[in-house]
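Below is one structure, written out as structure tokens; the observations come after it.
The values are calculated or read from the model by the stated rules, or taken from the named source; none is laboratory data. Note that the structure is predicted; figures quoted are calculated from it, not measured. Virtual Cβ from ideal backbone geometry, glycine too; neighbours counted across all protein chains shown.
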Amino acid sequence: NVRNNLWPYRDWVIRALNDDMPYDEFVRMQVAGDVLKPGNPAGQKAVGFLVAGLHNTVVGGSEFMKKTARQDEIEEIIGTVGQTFVGLTVNCARCHNHKFDPIQQKEYYQMTSAIAGVFHGERSVADPELARQREVLRKQIASLSKELARIENRARETALAKRKHRDPEEKPEPPTPFARWEFDTGLEDSLGTLHGKAKGDARLEGGALVVDGSDAWVETAPLNSPLRAKTLEAWVALGSLNQKGGGVIGVQSNDGQFFDSVVFAERESRRWMPGSNGLVRTKSFGVPEENEAHQQAVHIAIVYQEDGTITGYRNGAPYGKPYKTGFQEFAAGSSQVIFGMRHRGGGNNFLNGKIHRAQLYNRALGPDEIAASAGVESTFVGEAELAAALAQSKLARRKALKDQLTGLSAREQELGSGSSMKVYTVAARGNPGMVRLLKRGNAMDEGEVVRPGAVAALRMLSSDFGISPDASDNERRKQLAHWLTDTNNPLFTRVIVNRVWHYHFGTGIVETPNDFGFNGGRPSHPELLDWLASEFAANGQQLKALHRLIVTSNTCRQASAPRADGMAVDAENRLLWRKSPVRLDAESLRDAVLVVSGKLNPKMGGPGFRDVSITPNNGTTYYEPIYPEGDEYNRRTVYRFSPRGGRSAILDTFDCPDPSTTAPRRAVTTTPLQALALLNNHFILNKAGAMADRVASHAKGNLDEQVKQIFLDAFQRQPAAEELRLAKRLAGEYGLVTLCRSLFNSNEFVILN
């Protein structure tokens, strides 16, 4: 499921790094901050680290599957803690003793006992900053909404005025349905083969299908073709407004397990809603109560688009707000239409009323078509008509406003209301109880009780925390946090200085940052690793001082150019005879493009931006890339909502790892797709255009100055004479945008030398 409230952990990490929090405190807070600083919001946000990984929310019903899923979750936490902070793959000892390192299976379960009280969940955390952030958001939303309404209202007036003068023959004809039931003399489909059959007390009377709300419905023959996008439509009079969940017209699988139906009072009393199996596609349209349908027939239609958008209509006019959810396809031969009942099978509800006419369409109707079918003159102005009434500049501004409002509204919703906020963090569930060793890792085969502890191979530390097997979660995690950061722990400082070295040089002194064991890499410079760890500890474990020490060293300040003698002896540069070129990671590359284009939004903190659509469907969440515009989407990539699977063309192409797994080392590939992305990706095209516009406005008409400014922005230097000549020729023939794209695609922009 989407973890909407995990972003406070990200904000805490950024703030801690900017404040140069000592590294040992930084780690203790992430393992036991809620325990070490009870009542402090920072502590509860910090332990979001422990629940940022694997969490299976769809678990089978058997006891074995539930226990196994829980053990998988614990293994992920142990693996992440062990590899991140001490470079040991403790999780490899879940089923047996470690195959390479001196780590016993019992020690794995000692660590299991130490974190047995860690469960995924949410807590309410007091945050006085919330009210201020919400007020800023509301003012922004109000201002942008006012401008958008002004643009759209003028366009709508223009479009409606044009309609008055159009030829009567241009007015939309009622659409032709896929199937139609008149209910005047029978239950036949007057357009096809979906003939109905009465069940229970269903009957025809006065040109309508009468169902009494108890045991009366109609089923049709099976569909003769699959149904994807669709429109359900009916004219119905209710016997009473005080009924619940009765279906008017619906499509269901023959067994009733899956269905989409027009229902009355499904989740909200006296309102029309789209009924669905398990309510997975059922949401409120946000409308007032029905007050006429018991006195006269009303026209109701629900439109289902293939992208999951569901739109309601009443008497030909839009009914509340559309929303997007999952999508259900109905197969030919095993699906049918049903009237008067929500669906076949358990949990069905019957309708009390008269259905005068019903129609099914095998496509999603538009607003004008719905109005024409209902027999009314629509005042709805569709997207195409609205766009035609707008000048190009207004059209672009409207799109930018809508994109910005989408992002701001999502952030406002995530901030919630009140003086506290929901934070995805370690959920309190009381005493976790005693933990037993699981033989061969089998969740159902328990062995001896183990006490909370850690790894015995680090002999200068005690692997036994000295607390009872049934100690509280608070005590267990506090002891684990102190064990990890103990000044006698020989791996703790070495692992982090190696990571920082890896960040600057592309390869660590130990080339396997997560594995300092026998199966990991050997240090290329063991004395250097020891000295850096010693200096780091002596300087109070300040990360900024460590970065400064490394980047001001002669080693880091060497030239990147290769030499024949060095390549002959050490082509991989493990001996550091030059500063190896390092390609920008995907996130830094995106941020660099934003900076040089002048579009970077420097705003920090708060919910991130989302450049994916999110569609939940039957326990699975689907993410698809979208391409919104607006300042909200120009924030640094660290503020991007990261869906499982990545789902960003530019980031994925440049080896941004899947956020659902750990990535101690990133793959650095070189592929033709990367060159194509830096030329043709939607994001690159947009930002190259912005960069060209900015430069053109500052150096009007002077191509020399424009080219020099673009080089200065992109490379922090002036172009050489030959570069200037070629760049001017390119820009003169194809424009400044093409020049910007070309520089984005250069090694000098992408690689740090």
Out of the residues in the range 306-334 meeting the condition of being surrounded by fewer than 18 Cβ atoms within 10 Å (Cβ to Cβ), over 12 Å from residue 286 (Cα atoms) and under 23 Å from the mean Cα position of the chain (by Cα), tell me which one is modelled with the lowest pLDDT. 326
Only one of (1) assigned to a helix (DSSP H, G or I); (2) in contact with a helix residue (DSSP H, G or I) (Cβ under 9 Å, 6 or more places away or on another chain); (3) free of Cβ contacts under 8 Å to residues at least 12 places away in the same chain does not apply to residue 447, and that is (1)
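Given the residues 544, 478, which is the only one that is under 33 Å from the mean Cα position of the chain (by Cα), closer than 30 Å to residue 39 by Cβ and not assigned by TED's automatic domain parsing to the domain that holds residue 100? Write out each step before concluding.
Working: 478 fails: not assigned by TED's automatic domain parsing to the domain that holds residue 100.
Answer to the selection: 544.
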How many residues does the range 87-119 hold that are part of a helix (DSSP H, G or I) and touching a helix residue (DSSP H, G or I) at 6+ places or on another chain (Cβ under 6 Å)? 8
Out of 105, 30, sole residue that is buried (at least 16 other Cβ atoms within 10 Å of the Cβ) and within 25 Å of the chain's Cα centre (by Cα): 30
Take the conditions in a helix (DSSP H, G or I) and of a type in the set (Lys, Arg) and apply them to residue 717. Does it pass? no
Considering only residues that are buried (at least 17 other Cβ atoms within 10 Å of the Cβ) and charged (D, E, K, R), which ones fall in the range 600-628? 610, 611
Could you list all residues from the range 704-727 that are touching a residue at least 24 places away in the same chain (Cβ under 8 Å) and surrounded by 17 or more Cβ atoms within 10 Å (Cβ to Cβ)? 706, 707, 710, 711, 713, 714
Residue check for residue 422: part of a strand (DSSP E or B), among the basic types (Lys, Arg) and either outside the structural domain of residue 110 (by TED's automatic domain parsing) or more than 23 Å from the chain's Cα centre (by Cα) (or both): yes
For the list (1) more than 15 Å from residue 339 (Cβ to Cβ); (2) in contact (Cβ under 8 Å) with a residue 40 or more places away in the chain; (3) not aromatic (Phe, Trp, Tyr), I need the number of the one condition that residue 220 fails. (1)
Qualifying positions in the range 728-753 - of a type in the set (Lys, Arg) and in contact (Cβ under 8 Å) with a residue 40 or more places away in the chain: 741
If only one of 485, 493 is within 28 Å of residue 588 (Cα to Cα), hydroxyl-bearing (Ser, Thr, Tyr) and under 38 Å from the mean Cα position of the chain (by Cα), which one is it? 493
Can you pull out every residue in the range 14-42 that is at pLDDT 95 or above and closer than 21 Å to residue 606 by Cβ? 14, 15, 16, 17, 18, 19, 21, 29, 30, 33
If residue 302 meets every condition in (1) assigned to a loop (DSSP other than H, G, I, E, B); (2) buried (at least 18 other Cβ atoms within 10 Å of the Cβ) apart from one, which number is that one? (1)
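Report, by residue number, each residue of the range 659-699 that is of a type in the set (A, V, I, L, M, F, W, C) and touching a residue at least 60 places away in the same chain (Cβ under 8 Å).
Filtering the range 659-699 for residues of a type in the set (A, V, I, L, M, F, W, C) gives 663, 667-668, 673, 675-679, 683-685, 688, 690-692, 695-696, 699.
Once the filter is applied, which keeps residues that are of a type in the set (A, V, I, L, M, F, W, C) and touching a residue at least 60 places away in the same chain (Cβ under 8 Å), the range 659-699 yields 668, 675, 678, 679, 683, 684, 688, 690, 691.
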What's the total number of residues in the range 505-533 that are closer than 18 Å to residue 572 by Cβ and surrounded by fewer than 17 Cβ atoms within 10 Å (Cβ to Cβ)? 5
Name every residue in the range 215-235 that is within 44 Å of the chain's Cα centre (by Cα) and in a loop (DSSP other than H, G, I, E, B), in order of residue number. 221, 222, 223, 224, 225, 226, 228, 229
Is it fair to say residue 122 is farther than 30 Å from residue 383 by Cβ, without any contact (Cβ under 8 Å) to a residue 60 or more places away in the chain and within 27 Å of the chain's Cα centre (by Cα)? no
Does residue 483 satisfy being outside the structural domain of residue 666 (by TED's automatic domain parsing), within 19 Å of residue 77 (Cβ to Cβ) and crowded, with 19+ Cβ neighbours inside 10 Å? yes
Those residues of the range 575-598 that are out of contact with any Gly (no Cβ under 8 Å at 6 or more places or on another chain), of a type in the set (Lys, Arg) and part of a loop (DSSP other than H, G, I, E, B) come to a total of 1
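Does residue 151 meet the test of being over 27 Å from the mean Cα position of the chain (by Cα), in a loop (DSSP other than H, G, I, E, B) and surrounded by 14 or more Cβ atoms within 10 Å (Cβ to Cβ)? Working first, answer last.
Numbers: over 27 Å from the mean Cα position of the chain (by Cα): yes; in a loop (DSSP other than H, G, I, E, B): no; surrounded by 14 or more Cβ atoms within 10 Å (Cβ to Cβ): yes.
So residue 151 does not fit the description; no.
Conditions (1) of a type in the set (A, V, I, L, M); (2) within 15 Å of residue 596 (Cβ to Cβ), marked per residue:
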| residue | (1), (2) |
| --- | --- |
| 669 | no, no |
| 688 | yes, yes |
| 701 | no, no |
| 731 | yes, no |
| 739 | yes, yes |
| 742 | no, yes |
| 745 | no, yes |
Answer residue from the range 618-638, given it is farther than 16 Å from residue 3 by Cα and assigned to a strand (DSSP E or B) and is modelled with the highest pLDDT among those: 635
Before we move on, is residue 48 in a helix (DSSP H, G or I) and either over 16 Å from residue 117 (Cα atoms) or of a type in the set (D, E, K, R) (or both)? no
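Quick one: which of 522, 494, 499 is assigned to a helix (DSSP H, G or I), within 25 Å of residue 455 (Cβ to Cβ) and free of Cβ contacts under 8 Å to residues at least 24 places away in the same chain? Lay out the reasoning, then the answer.
Details: 522 fails: assigned to a helix (DSSP H, G or I); 494 fails: free of Cβ contacts under 8 Å to residues at least 24 places away in the same chain.
Just a single option satisfies the conditions, and that option is 499.
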Single unsatisfied condition, residue 184 versus (1) of a type outside the set (Lys, Arg); (2) more than 44 Å from the chain's Cα centre (by Cα); (3) modelled with pLDDT under 95; (4) over 22 Å from residue 298 (Cβ atoms): (4)
